[in-house]
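Below: the structure, in structure tokens.
The values are calculated or read from the model by the stated rules, or taken from the named source; none is laboratory data. Note that this is a predicted model, so its numbers are computed, not measured. Neighbour counts are summed over all protein chains in view; Cβ atoms, including those assigned to glycine, are modelled from backbone coordinates with ideal geometry.
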Ligand code: AMP
């Protein structure tokens, strides 16, 4: 099935100039949702994944299913101030300013084989910060998976050089 057709483009949201890729239209379609989960599960089935770490909030929708099917644990990567116990934090650059993500200090066991999941790869800043976070916590990043990859001027994949990166749908962007 053509997953690209199930993704809604919302122009100028949340601000002018942004072409927002709305994945809720894919999620609500049972066939598309199952297929998108299955493609990632198939790829990592034999890779000994022990934890799936996903980025809030859309990452959790797929991440939980993928973890369950891989027989892995699930780790929540969150924006600051949301996790209740001790956390490790990673700061990263945005177009203007910086942002942070966190995980619980005890979320990863030393040497855990971790698959990172997020819905979309744009500049790669968020996913690279997630890789740093997992490594700081003692984990090994076995792969970084996305439903959508924005290709072209954003160079997200380059930022993730050295990691096993997969995406299901590539969408070119121009600047
Ligand atoms: P980046 O750190 O630039 O790779 O941005 C990735 C994060 O921002 C992901 O968690 C996405 O959900 C979100 N994001 C960035 N750009 C878009 C876009 N055009 N449409 C939907 N989500 C986006």
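Scanning region 16-52 for residues that are within 16 Å of the ligand (Cβ to nearest atom), assigned to a loop (DSSP other than H, G, I, E, B) and under 16 Å from the mean Cα position of the chain (by Cα) yields a single hit, 23. Of everything listed in (1) touching a helix residue (DSSP H, G or I) at 6+ places or on another chain (Cβ under 7 Å); (2) part of a strand (DSSP E or B), the single unmet condition for residue 66 is (2).
Candidates in region 133-162 are the residues that are surrounded by fewer than 16 Cβ atoms within 10 Å (Cβ to Cβ) and modelled with pLDDT of 95 or more; of these, the one that is farthest from the ligand (Cβ to nearest atom) is 138.
Of all the residues in region 106-132, those that are assigned to a loop (DSSP other than H, G, I, E, B) and near the ligand (Cβ under 9 Å from one of its atoms) number 3. Pick from region 75-85 the residues that are away from the ligand (no atom under 11 Å from the Cβ) and not in a loop (DSSP other than H, G, I, E, B): which of them is farthest from residue 144 (Cα to Cα)? Across region 75-85, the extreme among qualifying residues is 78.
The listed residues are 166, 103, 88, and the only one of them that is in a strand (DSSP E or B), more than 13 Å from the ligand (Cβ to nearest atom) and under 21 Å from residue 26 (Cβ atoms) turns out to be 166. Go through region 27-37 residue by residue and tally those that are surrounded by 14 or more Cβ atoms within 10 Å (Cβ to Cβ) and without any contact (Cβ under 8 Å) to a residue 60 or more places away in the chain. The total comes to 6. Could you please find all residues in region 76-108 being at pLDDT 95 or above, farther than 17 Å from residue 127 by Cβ and exposed (fewer than 13 other Cβ atoms within 10 Å of the Cβ)? Correct list: 80, 81, 82, 84, 85, 86, 106. Of the residues contained in region 62-74, none is found to be touching a strand residue (DSSP E or B) at 6+ places or on another chain (Cβ under 9 Å), more than 30 Å from residue 138 (Cβ to Cβ) and more than 16 Å from the ligand (Cβ to nearest atom).
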